[in-house]
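The values are calculated or read from the model by the stated rules, or taken from the named source; none is laboratory data. Keep in mind that this is a model prediction, so the values were computed, not measured. Here the Cβ is made from the backbone with ideal geometry for all residues, glycine too, and neighbour counts use every protein chain on show.
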Amino acid sequence: MFHTIEKRVHGAFHAHIQVRYGVDLAFAIEQPRQSDFGEMAVPAAFQLAKQLRQAPKKIASELASEIGPIEGVAAYEAAGNGYINIRLDRGAYGAGLLGGESEEAAASGEKIIVEHTNINPNKAAHIGHLRNATLGDTFVRMLRARGQRVEVQNYIDNTGVQVADVAAGFHYLERKSAAEVKALIADPAVRFDYYCWDLYARMSAYYHDHPESAPWRSATLHAIEAGEGDIAELAHLVADAIVEKHLATMLRLGVEYDVLPRESEILHLQFWASAFELLKDRKAIYFETEGKNKGCWVMPGLSEEGKVIVRSDGTVTYVGKDIAYQLWKFGLLGKDFFYRRFKTYPDGGELWVTTDDPSAERGQFGHGSRVYNVIDARQSYLQDVVVAGLRGLGYEEQADRSVHFSYEMVALSPRCCAELGIALSEEDRQRPYVEVSGRKGLGVKADDLMDTLIAKAQEEVDSRHAESAPEERRRVATQIAIGALRYFLLKFTRNSVIAFDFQEALSFEGDTGPYLQYAAVRARNILRKLEERGERLPDFAAELSREAMARQLQSEDFWQVLLAASKADSAVERALTAGEPAHVARYAFQLAQAFSNFYHQYSVIHEENREKKVFLLWMTDFFRRQLERTAAVLGIGIPEYM
């Protein structure tokens, strides 16, 4: 509602300025510094003053007197040195919310592709992967909440170095055959992704300590790319089994995907070969004949020596395959995968995976007009190379619409390390956070983290609701734990390093997921208690006329609370513009705070004045719906009780 009126105000002023002054002015509606100045402020006069060489105050007075009526606006006031303050029609605003006036969605009709998670399928997921998946999933939810058509991709690098190292570990270190690895995968007593976590660390250490073993990696990579031999079969088994584990881990977090594009098909279906020819034909890469990159195909311009796309041994680097993948996303490659249905999610959503089998189905994937790649900030240079590849091929528009949705790493607080049993030096104990390393095997597995959070939440739930059924308490504890985790990973801006801490994440007070959940549960409880008293929820539309709304909203407290509760869509829209899910988390916290103040200030059920009681009940129900909607955008469920 608020966002709809905001857009009306902007559109009316923009059109009037264009006619009145002949200026196509870009400006943003602002929030007044004080609530008594109104609900919106138009700063256009300040920008016009420079072009018209007139005082902002004079221009503001002209605009305020000439603009004419705008639906939902009660008054305009030229204020200060050039602002135009906007006051809304409170009765109409309340009646509009009561009548269910929906926000005008910002849907453009285009197809947006968001690629996220992208865990190398060589070992268990860790806490850093959870930040990637939570950011990507929440950004998708934000886009869909505003009516956008989004395709969610999870790229599976099943032919890369990390998978090769685990396959080499099985083949060279453990001397296991494909049949033995298959039996290991099927063994219910073995957590295969955890097993591979340890094997990967051992193999990395072996390469470091035995430089003479380096050819193993190259031989393994060649075998995988060719898709032939025992090692290739080992890599295939490892990657497929780990992908299944990753999907299960992410589903615990509420994360789902539409399609899993696999790197093996990029190679087998000649995606890379086609991209390679394009890059050579359009002179986007060149063959180096001297220096340390001799024998390599190199992309110029990004550094003094350029970026190697194809190594001297003929193997393609990760970024080379990623250029081919990005071309496919935009529908620029002239090729497509074949697809098979991989699984159906509990909510009915379908997940597809690519295949090179011509008898499989064709799909409607790819062909996006905008692409967001959720990849950590340490990969910024490689993402720049991908964009440079598009530009080198002449695809300037697509390069501009390729967005690296970057984020910083997740570390652990020293207190968190102690709770997880991670030994720290005295120096590390004094640090604000402790970095983790998957290559060294030092880190927190995603499932272990969630299990620990659920166990801690279970202690709190058990102490408060011992009378409830065990399975019910487990369900509530899980919702609280996952809500706490998602919120903690989202409340920091993307460029912030996170130091994860159990106590901070699970707190029922302050800027946390449980605080948001608790506010929604409280709102539900008020309505439930009404029914327990033998009363029914009123017919709000029948009892709250526009005039009644106007009377109740004369109270500044009620008006400010309603404004706060009605800005969910505006908050999501602004967060999308900024590319910052943390803004939605911040709004959710403010919304929960506003309801908490409302809850403590007004005795809703015991109010004796009928009109005021009906209004307070409607406000409670409206808060509940807005809290639940905002929590859903953040991927946070509301438990039955707290």
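I'd like to check something: does segment 111-134 contain any residue that is touching a Lys or Arg at 6+ places or on another chain (Cβ under 8 Å), in a helix (DSSP H, G or I) and modelled with pLDDT of 95 or more? So far as segment 111-134 goes, yes, one or more of its residues are touching a Lys or Arg at 6+ places or on another chain (Cβ under 8 Å), in a helix (DSSP H, G or I) and modelled with pLDDT of 95 or more.
On the stretch given as segment 258-286, residues that are within 30 Å of the chain's Cα centre (by Cα) and outside any helix (DSSP H, G or I) total 5. Of the residues making up segment 600-616, those that are in contact with a helix residue (DSSP H, G or I) (Cβ under 7 Å, 6 or more places away or on another chain) and outside any loop (DSSP other than H, G, I, E, B) number 4.
Residues of segment 336-393 that are out of contact with any Gly (no Cβ under 7 Å at 6 or more places or on another chain), touching a residue at least 40 places away in the same chain (Cβ under 8 Å) and aliphatic (A, V, I, L, M): Leu351, Val353, Val371, Ile375, Ala377, Leu382, Val385, Val386, Leu390, Leu393. For segment 185-213, a residue qualifies if it is farther than 14 Å from Gln162 by Cα, assigned to a helix (DSSP H, G or I) and of a type in the set (Gly, Ala, Ser), and the qualifying residues are Ala186, Ser213.
Across segment 501-546, the number of residues qualifying as touching a residue at least 60 places away in the same chain (Cβ under 8 Å) and hydroxyl-bearing (Ser, Thr, Tyr) comes to 3. Here Ala78 passes the criteria (1) surrounded by 18 or more Cβ atoms within 10 Å (Cβ to Cβ); (2) part of a helix (DSSP H, G or I); (3) not basic (Lys, Arg) except the one numbered (2). Of Thr249, Thr317, all but one fail to be closer than 18 Å to Pro121 by Cα, assigned by TED's automatic domain parsing to the domain that holds Tyr345, surrounded by 21 or more Cβ atoms within 10 Å (Cβ to Cβ) and among the hydroxyl-bearing types (Ser, Thr, Tyr); the exception is Thr249. Of everything in segment 391-411 that is of a type in the set (A, V, I, L, M) and in contact with an Asp or Glu (Cβ under 8 Å, 6 or more places away or on another chain), the residue that is modelled with the highest pLDDT is Met409. Residues in segment 394-406: is at least one under 30 Å from Tyr206 (Cβ atoms) and either outside any strand (DSSP E or B) or not assigned by TED's automatic domain parsing to the domain that holds Tyr339 (or both)? Checked against the condition, which is being under 30 Å from Tyr206 (Cβ atoms) and either outside any strand (DSSP E or B) or not assigned by TED's automatic domain parsing to the domain that holds Tyr339 (or both), segment 394-406 yields no hits at all. One residue stands out in segment 48-75 among those that are among the β-branched types (Val, Ile, Thr) and under 39 Å from the mean Cα position of the chain (by Cα): the one that is surrounded by the fewest Cβ atoms within 10 Å (Cβ to Cβ), namely Ile70. Scanning segment 567-616 for residues that are of a type in the set (A, V, I, L, M) and farther than 30 Å from Val114 by Cβ returns Ala594, Val604, Ile605, Val614, Leu616.
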